[in-house]
Each structure stands twice: as structure tokens, then as C-alpha cells.
Amino acid sequence: MPSTNEPSAQFEQLSPTSYRVDITVPEDMLKGRMQAIYSHLAQEANIPGFRPGKIPHNIINRHYGKERILAEATEEVMNDTFWPLIRDRELTVIGNPRIDTKGWKEGGELKYVAVFEVIPQVPQIDYANLHVILPNREITDDDIEVGLRRFRILFGSQKKITDRPTQTGDFLNVDIEMESKDVTVPTIEGEVPWKMAENDMELELGGGKAIPGLEDALTGVELEEIKQFELTIPDDFPDKRVREKTVSVKARVKEIAEITRAELTDELIKEKLSAQGIETVESLKAKIVQELQSTNARMDERAKSEQIEAHLASDYDFPLPEGMVRAEYNDILDRSLSSLKDSGIDVDEMMKPDNDKGIKLRKRARYQAERMTRLSLLFSEIARREAIHVGDEEVANYIMMQAYHQGLREADLKLLIKDPHFISSTKDNLLRLKVGHFLISKVDVETIPFKEYRDRMEEHYEKIAEDENSFVESI
């Protein structure tokens, strides 16, 4: 039997992620804590007519207030009793518990109730099931030739053209807009025609790199002329919704230039690139290959991360703490509303309870919040089980590196370093990166032809969109 001088607790599980605990603290424990506070105040107080340590309780009560002393003792006792009881149950509390004290009168026990959320039981990740697909990114002679062409243009001579229309061989800077009234896309404003816009697009007439028909349409166009025409989108266009569709195009030619390409020789390469350790055409080719390999590696790592996260988010179902979801939801919604407001949308009207657009926006924010919370808990559990951690030195080095790349002033950097929220957020981000790299090291990779990869990834993203739409329709 426990001693009568020990606190007792009755736990009630309210949900898979929340508990209520009724705690009873013996009178002697609270009285002992009050006596300690009285002794401390009697020693520290400077009250005329009384020596330190010899001040009676009634004088201390008159000077400091008995209610204040009782409140301080109660808070200390609750803190000293609640957390050990939680540790004994091996529960990990999220945030601060909601505590309701029933008050205390001399001659009785202190009773209080705490309601809190906990980290749920997160399932073990089966690394053997982590499978991703990647495209075959073989570097061809044509890829190297494209890189060499860039240097021929860079080291060549350029002449701005203002007195004639465009012609084959010219390099153009173009603003372009495309629209299809036959294809609509869902937005916060409802279904709208498909549109795509690109400013400062660089285009070589006769280069054969643009959408078929675009170079012909922009040949013979005057500087600053706005030309409208139609194009048929090819079947390998990134957005499958408009493949083989006819779209309306509006283009404005902003610059016309004639470029005389340089002949790449060892002498020219040495003159222009020796500072970078490149002195021959062959070494330039090797550098181009190295850059392409680095770019491909980054794209592959990003593709792996996206597919791993999609797998974790969809295949591991477990209860989510509402407090964590709500915090993520509020953050997502705030960012969405800020973006919409910047676009000129009346967000106050949208956020009215009966506004259908606002309702859908909030539902989508809830879906994203649950997804992000699930991933956060999974990554945290993987870090715990695999002993992955982030040290203070890693955080400091990362912050210094980011400050250097962003050109932060020393004063701004010092403010960031003193911000505990920023430090905590940075540490969380670094931990997520390290767990991500760990998962990538475990993943099984299947390399397939690019067209097959594109088709399968389109199905993958369609499935994600369907899951989100199903969630929105279900709540």
C-alpha cells in the first residue's frame, strides 16, 4: 500500500491520444511546500521590526498575501506530482496540460484534474516496403552538345536588333500567355479556363526547342509587337490536361538579338575558363557532364523524397493528436489566406461560415494538416528508433551557412540566434532532413524509361489529388 504521504492518481483515456487524470495530493505535502515558501520569504524579506528568518506567518501573509503564497505552493506541488506520474505511465505529453484545481482548504487534501494529449503509438516502419521509381537519365552526346552551345553563345558576340522583324537565327526574349477554353481547372474561385504564362522566355528561332509552331509564329514579328495565334500542344507536354489540345496564344517580343557563336578551341577555353581549372574543350565537356550528373542526382533525390513521403502518409494510419493537427491547420490556413489576400481576393468574405469557397479551403487545409502531422510523427519516431539526432553545432553551422547565402547582416543574424522558436524550428528541419537521407539510403530503386516514369508519376499525383478530394467530400 502506498504511503498516505504520497499522491494518488486515477487515469482515464478519453481518446487514443488524450487522457484525463484526477490527482489527489496529501495535505502534508501541500503544507510542507507552504512551510518552505514561508521559510524562504522570512529569510529574504526586509520587514521593519523583524529579523531575517524570525518573521511570523501572519506578518508574511499581510505583506505578501496568503492567497498568493497558497497559489505558488499549489503550482509547485502540481508540477512536482503531475510529471512523475506521467513518466511512470511512459506517456509523452504534447504541449501544456489543461489543469483545473478544485481549491484547497486547510484540513483537507488538494485535488486537481489534468487533461492532456500524448504522442500516439506510431507503427514501426517497414523499410523493405520503401520502393521508388526513377527515370533513366542517361547523359547523351546531344546533352553535351547543348552545354557546349551555351558556351559558344556566351563567348560569342551579341547585337541588339531594333530596325527589322524577327528572322531565323535570332534570339528572342518573349512574354507569352496560353489559354484553353476547352480545359478547365479547379481554383478557389471555381472552375476557370486553363492558363499558363511565362515572362522573359528565351527562344532561338530555328533552334527547334520550342513547342512545334511557336518559332514559325514568331518569325517576322516586330519588336514590341503583340501577336495572337493558336497552337496544338504536343503529346509530351508536361501538363497532360492540354496535350493535343488547341490553345490560344498571346506573345510579346521584348528583345531581338543576333548572336555570332564563338568557335570553341583549347586556346579560347584556357583564356576564358582557366580560373575554374578548365583549359581544354575536353575538360569543358567533362565539366558539363559533371554538372548534368549533379543536376540529375538532385532531381533523383527530390523524386525519392516525394515518393517516400507519399508512401508514409498514405500507408501508415494511426490516431493524430488534435492539438498538433490544429496548430498545423492554423499555420496552413494563415499562409493560404495571406497569399489569397495578396492576389486581391476578399478573404473576409470567403471566411464567412456559409461561404462555399471558404468551406472548401478550410477542408483542404485540414487535409494538409493531417498529412503533415502524420509525417512529422513518423519522422520523429524514426529518429528516435534509429538514434538520429541534431547537435547544437550542426544547428549553428547550418544557420551560418544560410546567413552567408542570404547575405544577412550580422545584427540580423544575432537576433535570429537569440530567437528560441527559430532555433527549435531550424533543429526540427535539420532532423527531418537527416531522417529523409536515412530513408533514402534504405529505399529500393527501380529505374525505368523516362516516358514510363512520366506516365506512372502522373497516375501517382492523380491518386494524391483523388485522396484529397475524397477527404474534402467526406467532411
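The values are calculated or read from the model by the stated rules, or taken from the named source; none is laboratory data. These figures come from a predicted structure and were not determined experimentally. Because the Cβ atoms are built from the backbone with ideal geometry, glycine has one as well, and the counts that use them run over all protein chains shown. Quick note on the areas: whole protein, heavy atoms, side chains included, nothing else; ligands and nucleic acids left out. Shrake-Rupley method; radii C 1.70, N 1.55, O 1.52, S 1.80 Å.
Name the residues in the range 243-256 that are of a type in the set (A, V, I, L, M, F, W, C) and either closer than 14 Å to V221 by Cβ or open to solvent by 60 Å² or more (accessible area, probe 1.4 Å) (or both), would you? Of everything in the range 243-256, those that are of a type in the set (A, V, I, L, M, F, W, C) and either closer than 14 Å to V221 by Cβ or open to solvent by 60 Å² or more (accessible area, probe 1.4 Å) (or both) turn out to be V249, A251, V253, I256. Take the residues in the range 286-305 that are in contact with a helix residue (DSSP H, G or I) (Cβ under 9 Å, 6 or more places away or on another chain) and open to solvent by 60 Å² or more (accessible area, probe 1.4 Å), then tell me which one is farthest from G147 (Cα to Cα). The residue in question is E301.
The numbered conditions (1) closer than 16 Å to E258 by Cβ; (2) among the hydroxyl-bearing types (S, T, Y); (3) modelled with pLDDT under 95 are all true for T184 except (1). When I60, I86, I23, I47 are checked against the criterion of being open to solvent by less than 30 Å² (accessible area, probe 1.4 Å), of a type outside the set (S, T, N, Q) and in a loop (DSSP other than H, G, I, E, B), a single residue qualifies: I47. Number of residues in the range 443-453 that are open to solvent by less than 50 Å² (accessible area, probe 1.4 Å) and in a helix (DSSP H, G or I) equals 1. One residue is enough: does the range 434-455 have a residue meeting the conditions modelled with pLDDT of 90 or more, farther than 25 Å from V118 by Cα, of a type in the set (F, W, Y) and in contact with a strand residue (DSSP E or B) (Cβ under 8 Å, 6 or more places away or on another chain)? Yes.
In the range 306-335, the qualifying residues are those that are in a loop (DSSP other than H, G, I, E, B) and in contact with a helix residue (DSSP H, G or I) (Cβ under 7 Å, 6 or more places away or on another chain), and the one that is farthest from S18 (Cα to Cα) is Y316.
Residues in the range 146-177 that are open to solvent by less than 70 Å² (accessible area, probe 1.4 Å), part of a loop (DSSP other than H, G, I, E, B) and among the charged types (D, E, K, R): R164, D170.
For the residues L408, L416, the requirement of being in contact with a helix residue (DSSP H, G or I) (Cβ under 7 Å, 6 or more places away or on another chain) and open to solvent by 30 Å² or more (accessible area, probe 1.4 Å) singles out L416. Filtering the range 99-145 down to residues that are in contact with a Lys or Arg (Cβ under 9 Å, 6 or more places away or on another chain) and part of a helix (DSSP H, G or I), which residue is farthest from D22 (Cα to Cα)? It comes out as I144.
Looking across the range 433-442, the residues that are under 22 Å from the mean Cα position of the chain (by Cα) and either in contact (Cβ under 8 Å) with a residue 60 or more places away in the chain or open to solvent by 80 Å² or more (accessible area, probe 1.4 Å) (or both) come down to L433, G436, H437, L439, I440, S441. Taking the criterion of being within 23 Å of the chain's Cα centre (by Cα), free of Cβ contacts under 8 Å to residues at least 12 places away in the same chain and either within 24 Å of D467 (Cα to Cα) or exposed (fewer than 13 other Cβ atoms within 10 Å of the Cβ) (or both), the residues of the range 334-357 that qualify are D334, R335, S338, S339, D342, S343. Within the set K227, K209, the sole residue that is free of Cβ contacts under 8 Å to residues at least 24 places away in the same chain and either surrounded by fewer than 17 Cβ atoms within 10 Å (Cβ to Cβ) or more than 28 Å from N469 (Cα to Cα) (or both) turns out to be K209. If only residues of the range 63-83 that are surrounded by fewer than 16 Cβ atoms within 10 Å (Cβ to Cβ) and among the hydrophobic types (A, V, I, L, M, F, W, C) are counted, the one that is farthest from L320 (Cα to Cα) is A71. Once the range 187-222 is narrowed to residues that are part of a strand (DSSP E or B) and charged (D, E, K, R), the residue that is farthest from the chain's Cα centre (by Cα) is E204. In the range 54-72, the residues that are over 14 Å from H40 (Cβ atoms) and at pLDDT below 85 form Cβ pairs under 8 Å with partners that are among the β-branched types (V, I, T) and surrounded by 13 or more Cβ atoms within 10 Å (Cβ to Cβ), at six or more places apart or across chains, as follows: N61/I69. Listed conditions (1) open to solvent by 90 Å² or more (accessible area, probe 1.4 Å); (2) assigned to a helix (DSSP H, G or I) are all met by N96, apart from (2).
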